[in-house]
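Report on the structure given below.
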Amino acid sequence: MTKITLKSNIRKRVEKGHPWVYDNEIDKIEGEYSNGDIVDVLNPKGKFIGRGYINDNSTIRVRIMTRNPKEEINREFFERRIKRAWEYRKKVVDTSSCRVIYGEADEMPGIIVDKFNDYLSIQTLTYGIDQYKDIIVDILKEVIEPKGIFERNDNNVRELEGLEQSKGIIYGDFEPHTIISENGIKMHVDIENGQKTGYFLDQRENRLAIKDIVKDGEVLDCFSHTGPFAMHAAYFGAKKVTAVDISEHAIETAKENAKLNGLTDKIDFVCANVFDLLREYQEEGKQFDVVILDPPAFTKSAKKIKSAYKGYKEINLRGMKLVKPGGFLVTASCSHYMSKELFREMLLESARDARKTIREVEVKTQAKDHPYLWNYEESLYLKFFILNVL
């Protein structure tokens, strides 16, 4: 087997458990290989650190899958990993709809699997894991027993890995659309064309957290997408909800979700740029009991964190100004590079500039089916704050 020896000055990060080996961290490579092959990673003294797959197309040259030198990467390996991932979900979440596999956090780098009722949505985002896609699909059929599996490999990340994009049904015969139940609320899920795998399951527990603060209030839900936060606010007793998103398709789906739950009369839908609308509402002197900010990631790289910080600050500052005294700001960031500490710093700075005092009500992260692997910081990405604005 090909052996990858690490440079002495960086080996500790990988030895401590991080599953990524970057191309500039490799001292030497012994043996021939092709992209996607399994290789052994060694420290400078030749001691085994881990085993994973290699890809010259990626700056992340090796992704480690096991730390056990006796464990081979084969069908039995994936059976053990997938069964373990599924057993964990059955213990911690409602598995009618959930994330079944979360890449590195389940020690299967590069693969994402979400379950929506009886259907699975799968992404194989790296060259190495894509070589095992057929095996993984077979095991998922045995372990989860879905009625169908849809491939959502229409992701630019695959091209960086040297893979083509692809999308379509790979098992079963079904319409790639379903209606899931989340906290008692029905939501349309477009498995074929929805964002990522079809629906954002990671905020499920956080949407439940707004239950008490929205009752009898006026709520502004920004970056509403298909309306999950708006539906929860209306369902939990908000007097009126305004849901805003720039996507016409998302707004139309949100309207269908409101109709599905009998909430049409309680929610106003606005198709607009949130940045512009927040400014407009501020100029008009509008205020709300609760303002919800759940934007897409403003950055996916450390290089753009300054511009992302500026964007987060603008919406949060304006959001705070739109909150009635004693009301609540519900705010989130799904960018790993916007750390919890940096996000908190931005919120404090926004409050000072808005001349507001903020009190922490609740701080949460992603749902339990998106586990945080302590030796892999990148698996912790979602920051969720409920703040009392005075």
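Any read-out appearing in this document is the output of simple, stated calculations on the displayed coordinates, not a laboratory observation. These numbers come from a predicted model, not from an experiment. Positions of Cβ are backbone-derived with ideal geometry, glycine not excepted, and every protein chain shown enters the neighbour counts.
Tabulated values for the structure
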{"read-out": "Lys pairs under 22 Å by Cα in the range 75-178, provided they are eight or more residues apart or on distinct chains", "value": "19"}
{"read-out": "Between 0 and 90°, nearest 10: helix 248-260 axis offset from the chain longest Cα axis", "value": "70"}
{"read-out": "Footprinting exposure proxy for Ile213, Ile54 (fewest neighbouring C-beta atoms within 10 Å first)", "value": "Ile213, Ile54"}
{"read-out": "Label-point gap, in nm, between Lys300 and Ser96 - each point 7 angstrom along Cα→Cβ", "value": "3.2"}
{"read-out": "Volume in Å³ per residue [convex hull over Cα atoms, computed for the range 202-389]", "value": "113"}
{"read-out": "Computed lengthening from Arg344 to Phe275, 0.36 nm per intervening residue step minus Cα-Cα distance", "value": "22.8 nm"}
{"read-out": "Helical contribution to [θ] at 222 nm, DSSP H n ≥ 4, -39,500 (n - 2.57), averaged over the chain, rounded to 500", "value": "-8500 deg cm²/dmol"}
{"read-out": "Distance in nm between pseudo-label sites at Lys133 and Asp212 (7 Å out along the Cβ direction from Cα)", "value": "4.7"}
{"read-out": "Sparse-neighbour loop sites [chymotrypsin sites (Phe, Trp or Tyr not before Pro); the range 43-93; at most 13 other C-beta within 10 Å; DSSP]", "value": "none"}
{"read-out": "Longest to shortest principal axis, alpha-carbon extents of the chain, angstrom", "value": "68, 49, 35"}
{"read-out": "Taking Ser8, Ser379 and counting other C-beta atoms within 10 Å, the order from fewest to most", "value": "Ser8, Ser379"}
{"read-out": "Per DSSP, loop trypsin sites (Lys or Arg not before Pro) in the range 4-57 with at most 16 further Cβ within 10 Å", "value": "Lys7, Lys16, Lys45, Lys47"}
{"read-out": "Förster radius 35 Å - calculated FRET efficiency between Arg13 and Asn183, Cβ distance, rounded to 0.05", "value": "0.35"}
{"read-out": "Residues whose placed amide H lies under 5 Å from that of Gln131, excluding near-sequence neighbours", "value": "none"}
{"read-out": "Net length gained if the chain between Glu32 and Lys239 were fully extended (0.36 nm per residue, minus Cα distance)", "value": "67.9 nm"}
{"read-out": "Angle between the chain longest axis and helix 75-92 axis [Cα atoms, degrees, rounded to 10]", "value": "30"}
{"read-out": "Gain upon complete extension [Lys313, Lys83; 0.36 nm per residue less C-alpha separation]", "value": "78.6 nm"}
{"read-out": "Rounded to whole Hz, the Karplus (6.51, -1.76, 1.60) HN-Hα couplings of the range 132-140, x for glycine and proline", "value": "9, 4, 4, 5, 4, 4, 4, 5, 4"}
{"read-out": "Assigned charges on the beta-carbon of Lys, Arg, Asp, Glu; the range 202-389 dipole about Cα centre (debye)", "value": "480"}
{"read-out": "For the range 239-335: rounded, prolate or oblate by the Cα gyration tensor [a/c cutoff 1.5]", "value": "oblate"}
{"read-out": "The chain - charge dipole about Cα centre, Lys and Arg +1 at Cβ, Asp and Glu -1, debye rounded to 20", "value": "1600"}
{"read-out": "Rel. contact order, % - alpha carbon contacts under 8 angstrom, at least six apart, the chain", "value": "11"}
{"read-out": "Anisotropy class of the range 75-178 from Cα gyration tensor, a/c 1.5 cut", "value": "oblate"}
{"read-out": "Whether the range 3-66 is rounded, prolate or oblate, judged on the alpha carbon gyration tensor where a/c under 1.5 counts as rounded", "value": "rounded"}
{"read-out": "Sequence-distant aspartates and glutamates (8 or more away, or on other chains) whose Cα lies within less than 18 Å of Lys368", "value": "Glu87, Asp94, Glu104, Asp106, Glu107, Asp114, Glu182, Asp202, Glu205, Glu377, Glu378"}
